Structures are given as C-alpha cells and as structure tokens.
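One structure is given here, and the rest of the page talks about it.
Read-outs throughout are calculated quantities, based only on the coordinates presented, and are distinct from any laboratory measurement. What you see is a predicted model, and the numbers here were worked out from it, not measured in a lab. When we count neighbours, we look across all protein chains shown, and the Cβ atoms used for this are built from the backbone with ideal geometry, even at glycine.
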Amino acid sequence: MADTKILVTGAGGFIGHHLVNKLKAEGYWVRGVDVKHPEFVATTADEFELLDLRRWENCLRATRDVQHVYNLAADMGGMGFISHNHAQILHNNLLISTHVIEAARINGAQRFFYTSSACIYPNYLQTETSVAPLKEDDAYPADPQDAYGWEKLVSERICQYYHEEYGMDTRIVRFHNIFGPLGAWEGGREKAPAAICRKVAVAKLTGNPEVEIWGDGEQTRSFCYIDDCTEGILRLMHSDYAEPLNLGQDRLITINDLAEMVAEIAGIRIVQKHIPGPQGVRGRNSDNTRLREVLGWEPSISLEEGMARTYTWIEEQVRQKLVSTADNTLAADPSIT
Ligand code: NAD
C-alpha cells in the first residue's frame with residue numbers, strides 16, 4: 001500500500017478534500033489537483049498542484065507517476081447552479097472526464113475511479129414524492145434531468161468502454177446527495193443540506209425565524225454523510241466491481257422535514273416561507289441492494305448525527321461572516337438537488 005501513489009482530482013473541493021484526508025490516514029502517498037486550494041482547511045496531500053484539467057497537457061502532468069486515479073473534478077453545484085448552466089457544465093465536465101481518463105491510460109495508471117451521480121437516473125422514474133428507490137439498472141432508457149446528468153452518464157460509458165476495450169481497471173460510483181462540514185455553504189454552489197443549515201443559522205443568529213424554501217418543500221431526497229461516502233469510495237476502489245454502483249443512504253425525507261430537523265438541532269423554531277425556485281426531480285432515493293451485495297456494507301451514520309455535525313460547522317461560518325460583514329442577506333438562495 002505504501003508503494004501505491006494516488007492522484008485525487010477535485011482535491012480542493014468538498015469530497016476530494018475529505019478523500020485526501022482518508023487516503024493519507026490509510027498511509028498512501030497522495031497528489032491533489034484542482035483549480036483551487038481547499039477553501040477552509042489546508043490539504044494533507046503530499047503534493048498539491050493547481051491545474052485546469054480541461055486542458056490535455058495538464059491532465060498528462062496530473063496523472064504522471066501514479067497507480068490509482070480518483071477523478072472527482074467537476075464543475076458542479078446545487079440545483080440553482082445545475083439548472084442554469086447547462087452549456088458550461090457539459091463543456092467543462094466532458095473535457096475533464098475525457099482528458100483525465102485518457103491521460104491516466106497513457107501514463108499507465110492501474111486503476112481509475114469515476115464519480116458519477118444519482119442525477120443520471122431518468123426523469124420519468126422520479127415524478128412522485130413517494131418514489132421507488134432507484135436501482136443501478138434503472139439508468140436506461142436514459143432521460144437524465146440536466147446536462148450535468150447527461151455528462152455523468154456519458155462518462156460512465158467512457159469508463160466502461162476503457163475497461164472493455166483497453167483493459168483499464170475502472171470503478172464507477174453514483175453518489176446520492178453527499179453532505180458534511182467543509183463544503184460550499186453560500187455563494188450559489190451549495191446544496192440543500194448546507195443551504196438549509198445556513199438559513200437556520202441566520203434565523204438563529206439574527207432572530208428572524210423566516211426560512212425560505214424553493215417550491216412546496218415536499219420534494220424528497222436521501223442524504224449521505226461524508227465519512228460514509230469516503231469509506232464507500234475506498235471499499236469500492238478495492239473491490240473487483242467495474243459496473244456503476246449507488247452510494248448513498250436509503251432514508252427518504254422531505255426538504256420541509258429536513259429544515260425542521262435542522263431547526264431542532266439549532267434549538268429554535270422556524271417559519272417556513274415557500275418561494276418559487278428550481279426543485280429538481282420530485283423524489284429521489286437510493287436502492288442499496290447491490291451496494292450491500294457488492295461491498296457487504298452500507299452507509300450507517302444517521303441523518304440526525306450527520307446534520308448535527310454539519311450544522312455546528314456552518315453555524316460557526318455564519319457567525320464569523322455576520323460579525324465581519326453584518327451581512328443579513330445570507331438567508332437567500334436555497335439550493336436543492
Ligand atoms: P466540489 O465542487 O466541492 O468539488 C469539485 C472540484 O472540482 C472543485 O474543487 C473544483 O474547483 C474542481 N474543478 C472544477 N473544474 C475543474 C477544472 N477544470 N480543473 C480542475 N479542477 C476542477 O464538488 P463535490 O461535492 O466535492 O463533488 C465531487 C465529485 O462528486 C464531482 O464529480 C461531483 O459531480 C460528484 N458528485 C457529488 C455529489 C454531492 O452530493 N456532493 C453528488 C453526486 C456526484
């Protein structure tokens with residue numbers, strides 16, 4: 001293991017940063033690559049290079065002298081970002097995905113891990129709040145919701161073709177709403193759990209109990225805590241399973257109930273204000289049958305526990321921001337995927 005050198009792309013982002021920490025704790029040598037450094041805490045990577053992975057020559061540089069590649073780099077965000085930037089997302093992420101895997105192949109990487117998403121699942125299976133959990137085989141006939149999902153689906157196929165035709169050892173995970181501390185919590189790229197934590201923290205710290213939620217808040221999702229996510233990534237990488245695999249929790253909750261859960265954690269009462277805004281699909285849940293079969297494991301950290309850890313961190317960020325800017329506009333823009 002100590003001999004295995006690893007590249008993590010997107011190491012300046014939320015999951016990438018946590019993954020680098022996990023790999024370092026396991027004793028690996030790690031190179032992180034991103035267009036930015038981690039925002040909140042310094043990286044623990046042995047090397048960290050600022051490289052734009054849309055560019056081929058940068059991908060060749062990033063993938064040099066490593067045996068394992070975890071490709072997490074992507075132009076992404078919550079529902080507000082994803083539903084308004086189709087052209088940019090498809091362009092940027094296709095360039096990243098196609099260049100990184102080809103560069104890894106040319107440089108002789110032994111194993112390649114690709115982070116896909118539950119956003120690849122078809123719209124027509126996600127029209128009800130009481131949605132049936134999504135199985136891996138439900139992906140086709142394809143009808144992903146946004147350009148973000150289409151790119152993920154195509155890049156899954158690229159991994160599968162590289163596996164079949166070039167013999168590359170590939171792994172493909174489909175994340176279902178990963179959340180936790182040290183992720184985007186403001187600015188438009190934050191996702192629902194972070195946005196809700198921010199708005200509840202603002203309500204608590206300003207004394208204004210109103211919390212805005214896009215749509216009627218009855219849309220449903222499942223949410224998976226970051227420590228379960230990084231554990232699942234390593235287990236899948238070390239398995240021999242080359243087909244796409246869900247990684248998420250299978251507990252369905254409405255956005256309204258998630259907001260109430262966070263309010264309880266914060267120890268306040270909130271008044272939900274429903275406003276127009278992109279909501280994504282009506283319901284989405286993970287079927288973990290295959291995850292259990294393949295890994296003999298599934299995420300176990302409860303939503304309450306994960307949200308408590310996340311809320312504590314975000315409340316502190318909000319407190320610092322309110323003190324430094326006296327900025328009460330932080331309550332806007334809930335983003336929900
Ligand atoms: P993130 O936005 O925090 O991290 C992505 C990182 O990629 C960012 O740091 C960004 O700067 C970097 N990046 C973007 N363009 C780049 C470029 N041209 N060159 C180099 N780096 C670039 O997102 P995340 O939540 O950590 O997601 C990690 C991966 O998991 C992504 O591929 C994402 O699509 C996927 N995913 C995440 C979730 C989730 O719930 N967070 C769900 C499904 C899939």
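Classify segment 223-300 as rounded, prolate or oblate, taking a ≥ b ≥ c as the square roots of the eigenvalues of its Cα gyration tensor: rounded when a/c is under 1.5, otherwise prolate if a/b is larger than b/c and oblate if not. The shape class here is prolate. Under 5 Å between amide hydrogens, built in the peptide plane, is the criterion, and for residue 250 it picks out nothing among residues at least 5 positions away or on other chains. Per-residue Karplus couplings for segment 72-80, computed as 6.51 cos²θ - 1.76 cosθ + 1.60 with θ equal to phi - 60°, are listed in order as 9, 4, 6, 8, 8, x, x, 4, x Hz, Gly and Pro entered as x. Just checking the listed ones, 271, 202, 30: in the Gaussian network model of the chain with Cα springs under 10 Å, the one fluctuating most is 271. Residues within the reach of a label modelled at residue 300 (point 7 angstrom out along Cα to beta-carbon, backbone nitrogen below 16 Å), restricted to segment 215-232, are 225-232. Neighbours of residue 162, meaning other residues whose beta-carbon lies under 13 angstrom from its beta-carbon, give a summed charge of -1 when Lys and Arg score +1 and Asp and Glu score -1. Helix content alone sets the calculated 222 nm mean residue ellipticity of the chain: runs of n ≥ 4 DSSP H residues at -39500 (n - 2.57) each, divided across all residues, give -12500 deg cm²/dmol. Across segment 206-234, the residues whose backbone nitrogen lies under 14 Å from the label position 7 Å along the beta-carbon direction of residue 275 are 209-216. The average projected area of segment 141-183, computed from the convex hull of its Cα atoms over all directions, is 4.5 nm². A simple spin-label model places the labels of residue 106 and residue 165 1.7 nm from each other, with each point 7 Å out along Cα-to-Cβ.
Peptides 114-122, 222-230, 40-48, 141-149 ranked from most to least packed, by the mean per-residue count of other Cβ atoms within 10 Å: 114-122, 222-230, 141-149, 40-48.
Just the Cα atoms of segment 176-285, one point each, no solvent: what log10 I(q)/I(0) does Debye give at q = 0.12, 0.21, 0.22 Å⁻¹? Each listed q maps to, in turn, -0.47, -1.19, -1.27. Listed values for segment 16-32 are Karplus-derived 3J(HN,Hα) couplings in whole Hz (6.51 cos²θ - 1.76 cosθ + 1.60, θ = phi - 60°), namely x, 5, 5, 5, 4, 4, 5, 5, 5, 5, 7, x, 7, 8, 10, 9, x, and x replaces Gly and Pro. Relative contact order for the chain: 19 percent, from Cα pairs under 8 Å spaced at least 6 residues apart, divided by residue count. Calculate how steeply helix 255-266 sits against the longest principal axis of the alpha-carbon atoms of the chain, using the helix alpha-carbon long axis, and give the answer as 0 to 90 degrees to the nearest 10. Between helix and principal axis, roughly 70 degrees.
Quick one: grab the alpha carbon gyration tensor of segment 21-64, order the square roots of its eigenvalues as a ≥ b ≥ c, and give me rounded if a/c is under 1.5, else prolate or oblate depending on whether a/b is larger than b/c. The shape class here is oblate. Near residue 168, the amide H atoms lying under 5 Å from its own belong to 163; only residues 5 or more places off or on other chains count, and H is placed 1.01 Å from N. Taking 0.36 nm per residue of separation and subtracting the Cα-Cα distance, full extension of the segment from residue 67 to residue 238 would add 60.3 nm. Averaging the Cα positions of each part gives two centres, and for segment 107-184 and segment 81-95 these lie 16 Å apart. Structure note, pairs 36/152; 204/273; 36/199: Cα-Cα distances above 18 angstrom occur for 36/152; 36/199. Every pair of different Cα atoms in segment 127-233 enters the Kirkwood calculation, which places the hydrodynamic radius at 17.0 Å. The amide H of residue 175, built 1.01 Å from its N in the peptide plane, has 116, 117, 118, 247 as neighbours under 5 Å, considering only residues 5 or more places off or on other chains.
Computed over segment 14-146, relative contact order equals 21 percent, with contacts defined as Cα pairs under 8 Å that lie 6+ residues apart. Simple spin-label estimate for residue 210 and residue 124 gives 4.2 nm between the two label positions (7 Å along the Cα-to-Cβ direction from each Cα). Please give the helix 303-325 orientation as an angle from the longest Cα principal axis of the chain, in degrees from 0 to 90, rounded to the nearest 10. Roughly 70 degrees between the two axes. The C-alpha atoms of the chain define a longest principal axis, and helix 192-206 lies at about 30 degrees to it. Scoring 251-263, 298-310 by mean Cβ neighbours within 10 Å over their residues and listing the highest first yields 251-263, 298-310. Here the chain yields Rg over Rh of 0.96, to two decimals, using C-alpha coordinates and the Kirkwood radius.
Remark: segment 65-183 projects, on average over all directions, an area of 8.5 nm² (convex hull of Cα atoms).
For segment 137-148, the Karplus equation 6.51 cos²θ - 1.76 cosθ + 1.60, evaluated at θ = phi - 60°, returns couplings of 6, 6, 4, 10, x, 6, 6, x, 6, 9, 4, 4 Hz by residue, with Gly and Pro reported as x.
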